[in-house]
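Bear in mind these aren't lab numbers, they're just calculated from the coordinates by the rules spelled out. Everything numeric here is computed off the predicted structure, so don't read it as measured data. Ideal geometry is used to build each Cβ from the backbone, glycine not excepted, and the neighbour counts take in all protein chains shown.
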């Protein structure tokens, strides 16, 4: 269907793709992998024609309809969420808008003299719209928007009133509703909660469209894609299978490359020693020349280059009292909307609570109450003795000083720490070499998250309150963070939509929806890990059946 043949693409001195070839077949589901800056977005832009290759060819059939979701919501205002979603869904969306304009024109008395031409055009468009399944479009749009977590009042409301995260969901809906031949999705799960991620998994598996996507959610990749393509030093290396297979196969290939490099180095040293020893012996001159020619012809293997993030070994936090946080009769409302009504909940030292709940259940509100960001309307929220609390929220990224560099931020935060310890910290969070000199002002969301977490964990609190700490983090950084926090000796309360994070860290579950499909008046306090909670409730997220 879509083919890249011997494509090379450079930006300045950086080679992103070098003689790379790739084919996306009809209905195939492919995941695209590679570190930041490796060329994943560039490959998408080549497919949709926003970039042209320096060398090689990109082939896309003329009648192929491609829908591209990228990490930019764009301008959205002046329409309802439903109309905005339908309008952006492709040719049918344009017809939907034209029909609405023609219907308005037919009821406009000032255009009575144009009525014949308006009616004629209305009949033409309506016929095409009906033939192409247009009257199913609104129902499909509502299904997709509901699946992505939007409520009926949001769907009917002005799209301009939505926050950036919700507008990104509308952007995803636009590319799904039109039922294109090819879906290009750049990190579609970044702005979704777990319920919406699970819905999207099912939708994409059932879709007949070919799919090429990047994603930092291991479970999502495992369940959706059947092939992985890794951008490795400008080449496109294909692995048939899910992400777990790719991970194993890549490790195996790396081990073989390591062994081949070591063997070649040993052979080269042996030959070089022979040449050095006998280069001045006339009797051995022929053998020396033969070996010199042999070495000249050998293609030298490069030492394997792999991105390895080693878990950071932070200092043991100070001990807290046994009672870390206690909510007794805590109530919280926003206007007429009651979030909590007399909530009783306790957190003990060493516990790691993950907070589950459908949209609007109050996950972030609970974390804010515990962290002291907001106060309860009634009841008590008490923190225990000897407590040092660290709170991570998306707003935490704004606390970074944009006038500093990465190194400047950490150096200012810990002026008396050794240079080597600060470099080790930044290296663990994937700031290496010149990366530490990057200005904070130009960092991506993922890089800012890494820097905030690094700063928080260098001098660790004994109570971590984390609201979606893995947002925007890539797979390697997420795994490093799970391994780092698994040895944390303090207490944790967190919200996450990443199942690897949930499985790896939670030993207690607070299910605000009571373990059922509908919201319950009483939360389920589950004294077991996330995996046990999934078995107990039958679903991976409240209301999404397993």
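Laid out as a table, the results:
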| quantity | calculated |
| --- | --- |
| Where labels lie 7 Å past Cα in the beta-carbon direction, separation of residue 54 and residue 77 in nm | 4.1 |
| FRET efficiency, 1/(1 + (r/R0)^6) with R0 45 Å, evaluated for residue 341 and residue 113 via beta carbons | 0.15 |
| Distance histogram for the range 145-280 (every C-alpha pair counted, 5 angstrom bins, percent rounded to whole numbers) | 2, 8, 14, 16, 12, 10, 8, 6, 5, 4, 4, 3, 3, 2, 1, 1, 0, 0 |
| Efficiency of FRET from Cβ geometry, residue 442 and residue 128, R₀ 41 Å, rounded to 0.05 | 0.30 |
| The range 320-390 - convex hull of alpha carbons, volume per residue in Å³ | 87 |
| Overall Cα dimensions of the range 1-79, principal axis frame, Å, largest first | 45, 31, 21 |
| Column: log10 I(q)/I(0), Debye, Cα scatterers of the range 76-178, q = 0.20, 0.24 Å⁻¹ | -0.95, -1.16 |
| Proportion of all alpha-carbon pairs of the range 118-195 beyond 21 Å (%) | 40 |
| Taking the C-alpha atoms of the range 1-132, convex hull volume expressed per residue in Å³ | 177 |
| Among beta bridges that DSSP assigns inside the chain, antiparallel share in %, nearest 5 | 55 |
| Radius of gyration and maximum dimension Dmax of the range 35-74, Cα, Å | 11.6, 33 |
| Relative exposure of 342, 21, 196, judged by other C-beta atoms within 10 Å (fewest first) | 342, 21, 196 |
| Cα-based convex hull, the chain, per residue volume (Å³, whole number) | 207 |
| Spin-label pair residue 385/residue 158, simplified geometry with 7 Å Cα→Cβ offset, distance in nm | 5.5 |
| Calculated Rg and Dmax of the range 428-499 using C-alpha coordinates, Å | 12.5, 35 |
| Stokes-Einstein translational diffusion, the range 245-297 - Kirkwood Rh over all Cα pairs, 1.306 mPa s, 10 °C, in µm²/s | 122 |
| Residues 437, 323, sorted so that the one with the fewest Cβ neighbours within 10 Å comes first | 437, 323 |
| All Cα pairs of the range 361-412, percent lying beyond 17 Å | 53 |
| Residue-span extension gain [residue 252 to residue 297] - 0.36 nm each, minus C-alpha spacing | 13.4 nm |
| Extension gain, residue 203 back to residue 269 (0.36 nm per residue minus Cα-Cα distance, nm) | 18.1 nm |
| Cα-based equivalent ellipsoid, the range 389-516: semi-axes from gyration tensor eigenvalues, Å | 27, 15, 13 |
| Extension gain from residue 245 to residue 536, taking 0.36 nm per residue of separation minus the Cα-Cα distance | 101.9 nm |
| Least to most buried among 352, 79 (fewest other Cβ within 10 Å first) | 79, 352 |
